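Pasting a structure below so you can have a look.
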Amino acid sequence: MHDPSCLFCRIVAGEIPADVVHETGRTIAFRDIAPQSPVHVLVIPREHVVSLGAAEDDQASLFGELMLAARDVARKTGLSDSGFRTVLNSGPDGGQEVMHVHAHVLGGRSLTWPPG
Ligand code: AMP
């Protein structure tokens, strides 16, 4: 389902350019426009799913593919040995700004915990 008002749906559709680093049948991964670490990639489903909080039980396979795509992004960008962080912000208190679910893959420097 393509939502023409959704920024990430428009990236999936090729209407807005993105630096794509990885693709699977149901996901696409591209570099964050405002990186918070040397490697900062967003992995999203091609279909419009609002957030992890809004996920349906029958989307387990899709979310599994999203997580394994995040793993493959880490491998492709050289983070497997040094490590990386995967974050899904959900809803206002989670800091979600784009309402199309996305997994942040962050790495390339030592990341503090907890985040600010
Ligand atoms: P969140 O706060 O979890 O919703 O994260 C949204 C992320 O999308 C932020 O890290 C933004 O920098 C990133 N972002 C916004 N617009 C674009 C874009 N056109 N291309 C790539 N990343 C983007």
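Would it be correct to say that Gly94 is open to solvent by less than 40 Å² (accessible area, probe 1.4 Å), among the small types (Gly, Ala, Ser) and touching a Gly at 6+ places or on another chain (Cβ under 7 Å)?
So Gly94 fails the test.
Here's a follow-up. Taking segment 24-49, which residues are within 13 Å of Asp72 (Cα to Cα), more than 14 Å from the ligand (Cβ to nearest atom) and touching a strand residue (DSSP E or B) at 6+ places or on another chain (Cβ under 7 Å)?
Result: Thr27, single match.
With respect to the numbered conditions (1) open to solvent by 40 Å² or more (accessible area, probe 1.4 Å); (2) of a type outside the set (Val, Ile, Thr); (3) over 14 Å from the mean Cα position of the chain (by Cα), which one is the sole condition not fulfilled by Phe84?
(3)
Residues being out of contact with any strand residue (DSSP E or B) (no Cβ under 7 Å at 6 or more places or on another chain) and assigned to a loop (DSSP other than H, G, I, E, B): count how many of those fall in segment 73-89.
Residues in segment 73-89 being out of contact with any strand residue (DSSP E or B) (no Cβ under 7 Å at 6 or more places or on another chain) and assigned to a loop (DSSP other than H, G, I, E, B): 4 in total.
Could you list, in sequence order, the residues of segment 69-116 that are farther than 14 Å from Asp32 by Cβ and aromatic (Phe, Trp, Tyr)?
Selection gives Trp113 alone.
Is it the case, given these coordinates, that Arg10 is among the charged types (D, E, K, R) and touching a helix residue (DSSP H, G or I) at 6+ places or on another chain (Cβ under 7 Å)?
no
The values are calculated or read from the model by the stated rules, or taken from the named source; none is laboratory data. Keep in mind the model is a prediction, meaning the values are calculated, not measured. Heads up, the Cβs are rebuilt from the backbone with ideal geometry, glycines too, and the neighbour counts pull from every protein chain shown. Calculation scope for accessible area: heavy atoms of the full protein, side chains included, ligands and nucleic acids excluded. Shrake-Rupley method; radii C 1.70, N 1.55, O 1.52, S 1.80 Å.
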